[in-house]
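Some notes on the structure that comes next.
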Amino acid sequence: MPPPGLCRARLWLSRAMSRCVLEPRPPGKRWLVAGLGNPGLPGTRHSVGMAVLGHLARRLGVAESWARDRRCAADLALASLGDAQLVLLRPRRLMNVNGRSVARAAELFGLTAEEVYLVHDELDKPLGKLALKLGGSARGHNGVRSCISCLNSSAMPRLRVGIGRPTHPDAVQAHVLGCFSPSEQELLPPLLERATDLLLDHIRERSQGSLSGT
């Protein structure tokens, strides 16, 4: 059973998220950051986006504030970044339909596709490589494809986290759904740190640009 303090924090978050839907936006900018993956399968390569979100939540001091939101079938946490507000989201739906959770949350918080960041695994980059892409096609990623379909837009910024592609095409599914090897796990802490830095730096720059009218 969760401690009373954690229960109170989750109740506060639930009420705060309800107010976000009913009240005008706070001063500053609001962004949604979604870590794509499969719920219940932590530690797999396909869910590395959720691992980044966990690290991001710890960096922002909201790691104990995740609360389930049944409206969008996801775990949400609210955080501040200067004058900006971040809505962190981990879908509770399978990867292929992650977009339903992301689109519903964007609707609840009044956000456009350009204000939604997707964090996901990338087969075509080796483990340890990161790339922040502004919009474009799904490149074969079913979670991104679901988000594009449900948001009716391909404008979402995406942080692509390399997991490497196996040599044999028949091994792709097992590779994606498998857990990181012990040697790969040693690379994860600095990778998650760099991914968080990249995300926060990009969001800060966009927030400052939007607030200054640029």
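The values are calculated or read from the model by the stated rules, or taken from the named source; none is laboratory data. As the structure is a computational prediction, the values presented were derived from the model and not from experiment. Methodologically, a virtual Cβ is constructed for each residue, glycine included, from the backbone with ideal geometry; neighbour enumeration extends over all protein chains shown. The area values use the complete protein model at the heavy-atom level, side chains included, leaving out ligands, DNA and RNA. Shrake-Rupley method; radii C 1.70, N 1.55, O 1.52, S 1.80 Å.
One table, with the values for the structure above:
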{"item": "Segment 85-104 residues that are in contact (Cβ under 8 Å) with a residue 12 or more places away in the chain and in a helix (DSSP H, G or I), paired with ones that are open to solvent by less than 60 Å² (accessible area, probe 1.4 Å) and β-branched (V, I, T) (beta carbon under 7 Å, 6 or more apart)", "result": "V102/V116"}
{"item": "Top-ranked residue of segment 153-174 - restricted to ones that are among the hydrophobic types (A, V, I, L, M, F, W, C) and over 15 Å from the mean Cα position of the chain (by Cα), ranked as surrounded by the most Cβ atoms within 10 Å (Cβ to Cβ)", "result": "I163"}
{"item": "Out of A57, A73, sole residue that is buried (at least 17 other Cβ atoms within 10 Å of the Cβ) and at positive phi", "result": "A73"}
{"item": "In segment 76-95, the residues that are among the aliphatic types (A, V, I, L, M) and surrounded by fewer than 20 Cβ atoms within 10 Å (Cβ to Cβ)", "result": "L78, A79, L81, L94"}
{"item": "All positions within segment 175-184 that are hydrophobic (A, V, I, L, M, F, W, C) and surrounded by fewer than 17 Cβ atoms within 10 Å (Cβ to Cβ)", "result": "L177, C179"}
{"item": "Residue under evaluation V48, criteria (1) over 23 Å from L198 (Cβ atoms); (2) of a type in the set (A, V, I, L, M); (3) part of a helix (DSSP H, G or I), criterion not met", "result": "(1)"}
{"item": "Cβ-Cβ under 6 Å pairs, at least 6 apart or on other chains, segment 53-65 side more than 11 Å from L192 (Cα to Cα) and modelled with pLDDT of 95 or more, far side assigned to a loop (DSSP other than H, G, I, E, B) and among the aliphatic types (A, V, I, L, M)", "result": "A57/A63"}
{"item": "Test for A106: is it in contact with a Leu (Cβ under 9 Å, 6 or more places away or on another chain), open to solvent by less than 20 Å² (accessible area, probe 1.4 Å) and not acidic (D, E)", "result": "yes"}
{"item": "Residue list for segment 178-209, restricted to those being farther than 20 Å from G82 by Cβ and touching a His at 6+ places or on another chain (Cβ under 6 Å)", "result": "L192"}
{"item": "In segment 128-152, the residues that are touching a strand residue (DSSP E or B) at 6+ places or on another chain (Cβ under 9 Å) and surrounded by fewer than 19 Cβ atoms within 10 Å (Cβ to Cβ)", "result": "G128, K129, L130, A131, L132, K133, L134, G135, G136, R139"}
